[in-house]
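What follows is one structure encoded as structure tokens, with my remarks underneath.
The values are calculated or read from the model by the stated rules, or taken from the named source; none is laboratory data. Keep in mind it's a predicted model, so treat the numbers as computed, not measured. FYI the Cβ positions are ideal-geometry reconstructions off the backbone, even for glycines, and counts take in every protein chain you see. Accessible surface is based on the protein model in full, side chains and every heavy atom, while ligands, DNA and RNA are left aside. Shrake-Rupley method; radii C 1.70, N 1.55, O 1.52, S 1.80 Å.
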Amino acid sequence: MTVLALNGVGKRFGGIQALTDVSLEVPAGRIVGVIGPNGAGKTTLFNVITGAYRASSGDVLLAGNNITQWPSHRIMQSGIARTFQNIRLFASMTVWEHLLVAQPRAGGLWRSVMPIGWADAEARTRAEDALVFFGLEQYRDVIARTLPYGIQRKVEMARALTAQPKLLLLDEPVAGMNAEEADELRALFHGLNARGLSILLIEHDMPFVMSLCHQLYVLNFGVLIAEGTPDAVRNDPVVLDAYLGTEAA
Amino acid sequence: MLLQQLVNGLTLGAVYTLVALSFSLVMGILSVLNIAIGELFMLGGYLGFAIIARGLPLPLAMAVAMLGACVVAVIIQKIAYEPLRDAPLITPMLSTLGFSIILQNVVTNVWGSDPLQLPSEMFDGDFQIGPVRIGVMQIVVIGVTIILVGAVAYLVQRTPAGRALRAIAENRDVARLLGVSVSKTTFLAFAISGLLAGAAGVLISLHYAAITPYIGVDIGLKAIAVMVIGGTTRVWGALLAGPLIGIAEVLTIAYGGSQIRDLVVYGLMILILLLRPQGLLGGARSDVGQRV
């Protein structure tokens, strides 16, 4: 079963073709990575998937539904959650509030003006779970933006998870982290994956991608130039030439 | 005497606070100044007035005024804002200006352009506390304001809807990508701002025991000044700036003369804009959150 499928997706900004005929699949329960040099169109790809940009051509399918024309909030409510390359937390909110803000809202207007315990007790439970899973209990009532960088990353991931996604999009999750923090995150991602969550990630850190992903796609100048298992991609001459260079050979 | 003036200033400031909160709820999340809020306030005043003048109870007057202003606020959102949401910010602002002129004309046609007076025997009791005389009306105005501000504070700080409001105010694109519905939240912001403006209208007609179709412009502009002085990025700035401006105005009238009253209020606003553009409570620019 396929969680996410892109069929021939293209995105044009004026005269610039940012993505050309991109087709990829994220099978349920898999961790899929997209790699490629800076400016290859990786973040554009995420923005098209999440509805921040409209695809100029092609279709995006989420669990079989064509979501290409859906507004962002509907896509997010239907099972995709994402993190950002630059951490985007809200300056006025505590860690706990971040874990409530992304939750799919049950019920109508009346419920939304009740305290969370009444409005949606399950939302509260999910927030508690995410808090524990990411080990953020001690930061519960701290304004999230004041926390160290690595913790902020975790808050952002926890926030994404509380939306109960089928698919988690991670935009360079270990950027700016040291090896130890990256190892810790890898363990967390494996843990999430073991719970059945599918993950699509963009990442520059090659050892991290190679050790985490089941399947890789390589994007260069908006075109997919290779796909396969990490081992296959590592040894693909086209990829070596375009991106990995001698570093990973 | 000074103490008495402080109490009078607080009463006026309470009304300013409510109207300023009404402005800043919409301004905060959409960056759009809904100029028609001044007229929603005026409309609320007339609706409340009409009910009080028939001898019906004040809570009913409040409820009708709040609901009436809320309905019109939502109509403004649907007609004057929603179709223009992708236009430059000045465009929806101008269309709300158009709406405010329409509202003023409608009210002038229905109730006439002369000031309406409340029967003088209404709310004329008072309490003497030491040297200060506090009218029943003043207690009602301040009390209702405290209740409404408390309700808004609770809503914004403690409920899912409030978190959605804050998320969109800070970063609309990220909020949307987290599944927060911008259109639902915008609706809510307009509706609440209408409720507040309507309530404030009733309070001001009690305060002055009179109302005219032009009060919306007068108080509306002052409320905008209050919002600016408090800081447009911080909803709670109005809680500080409202009473401050109310007191400054009353003291100016008492000790300087009413002809320089507006000079002081708007002079303060310009001073704040020059010295502290983010307002009294506005944080550093970096706090506001980046745009995607």
Handout entry: Enumeration of residues in the stretch B:228-253 that are open to solvent by 10 Å² or more (accessible area, probe 1.4 Å) and assigned to a helix (DSSP H, G or I)
Key = B:Val228, B:Leu239, B:Leu240, B:Pro243, B:Leu244, B:Ile247, B:Ala248, B:Val250, B:Leu251, B:Thr252, B:Ile253
Practice task
Find the strands (runs of 3 or more DSSP E) located wholly in the stretch A:1-75 whose residues include 1 or more that are over 25 Å from A:Gln103 (Cα atoms) and not assigned by TED's automatic domain parsing to the domain that holds A:Pro230, and list them.
Solution key: none
Problem - Where A:Gln164 falls short, out of the listed (1) more than 14 Å from every other protein chain (Cβ to nearest Cβ); (2) surrounded by fewer than 21 Cβ atoms within 10 Å (Cβ to Cβ) - result: (1)
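So that you can scan it fast, the table gives a plain yes or no per residue for (1) free of Cβ contacts under 8 Å to residues at least 40 places away in the same chain; (2) β-branched (Val, Ile, Thr); (3) within 13 Å of another protein chain (Cβ to nearest Cβ); (4) more than 17 Å from B:Ser181 (Cα to Cα):
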| residue | (1), (2), (3), (4) |
| --- | --- |
| A:Phe46 | no, no, yes, yes |
| A:Thr50 | no, yes, yes, no |
| A:Asn66 | yes, no, no, yes |
| A:Trp70 | yes, no, yes, no |
| A:Met76 | no, no, yes, no |
Handout entry: The lone exception for B:Ile29 - which of (1) modelled with pLDDT of 90 or more; (2) buried (at least 24 other Cβ atoms within 10 Å of the Cβ) it fails
Key = (1)
Handout entry: Top-ranked residue in the stretch A:58-82 [being in contact with an Asp or Glu (Cβ under 8 Å, 6 or more places away or on another chain) and closer than 17 Å to A:Asn7 by Cα; ranked as most open to solvent (accessible area, probe 1.4 Å)]
Key = A:Asn66
Exercise for the section: Find the helices (runs of 4 or more DSSP H) located wholly in the stretch A:134-232 whose residues include 1 or more that are under 17 Å from the mean Cα position of the chain (by Cα) and within 27 Å of A:Ala91 (Cβ to Cβ), and list them. Expected result: A:149-162, A:179-194
Completion exercise
Residue hits (the stretch B:34-56; at pLDDT 90 or above and in a loop (DSSP other than H, G, I, E, B)) are B:Asn34, B:Ile35, B:Ala36
Practice task
With the condition kept exactly as written, say whether any residue in the stretch A:106-128 is over 30 Å from A:Asn7 (Cβ atoms), buried (at least 22 other Cβ atoms within 10 Å of the Cβ), facing chain B (nearest Cβ under 7 Å) and at pLDDT 85 or above.
Solution key: no
Exercise for the section: Give the stretch B:77-117 a look and list any residue that's touching a Ser or Thr at 6+ places or on another chain (Cβ under 7 Å) and aliphatic (A, V, I, L, M), or say none. Expected result: B:Ala80, B:Leu84, B:Leu89
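Residues are listed down the side, and each one gets a yes or a no for (1) touching a residue at least 40 places away in the same chain (Cβ under 8 Å); (2) within 17 Å of B:Gly201 (Cα to Cα); (3) buried (at least 16 other Cβ atoms within 10 Å of the Cβ):
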| site | (1), (2), (3) |
| --- | --- |
| B:Ala69 | yes, yes, yes |
| B:Gln77 | yes, no, yes |
| B:Asp86 | no, no, no |
| B:Ser95 | no, no, yes |
| B:Phe99 | yes, no, yes |
| B:Val107 | yes, yes, yes |
Exercise for the section: Looking only at the stretch A:83-105, count how many residues are facing another protein chain (nearest Cβ under 8 Å) and either open to solvent by 10 Å² or more (accessible area, probe 1.4 Å) or under 15 Å from B:Ile168 (Cα atoms) (or both). Expected result: 13
Problem - Hey, B:Gly198 modelled with pLDDT of 95 or more and of a type outside the set (Ser, Thr, Tyr) or not - result: yes
Handout entry: Check on B:Ala61, over 15 Å from the mean Cα position of the chain (by Cα), open to solvent by less than 10 Å² (accessible area, probe 1.4 Å) and more than 20 Å from B:Ile229 (Cβ to Cβ)
Key = yes
Practice task
Give the residues of the stretch B:118-156 that are open to solvent by 30 Å² or more (accessible area, probe 1.4 Å), farther than 19 Å from B:Met62 by Cβ and either part of a strand (DSSP E or B) or at the interface with chain A (Cβ under 9 Å from one of its Cβ atoms) (or both), sorted by residue number.
Solution key: B:Asp126, B:Phe127, B:Gln128, B:Ile129, B:Arg133, B:Ile134
Problem - Pairs where the first residue, in the stretch B:163-189, is facing chain A (nearest Cβ under 7 Å) and the second is of a type in the set (Phe, Trp, Tyr) and open to solvent by less than 10 Å² (accessible area, probe 1.4 Å), C-beta under 6 Å, 6+ apart - result: B:Ala167/A:Phe90; B:Glu170/A:Phe90
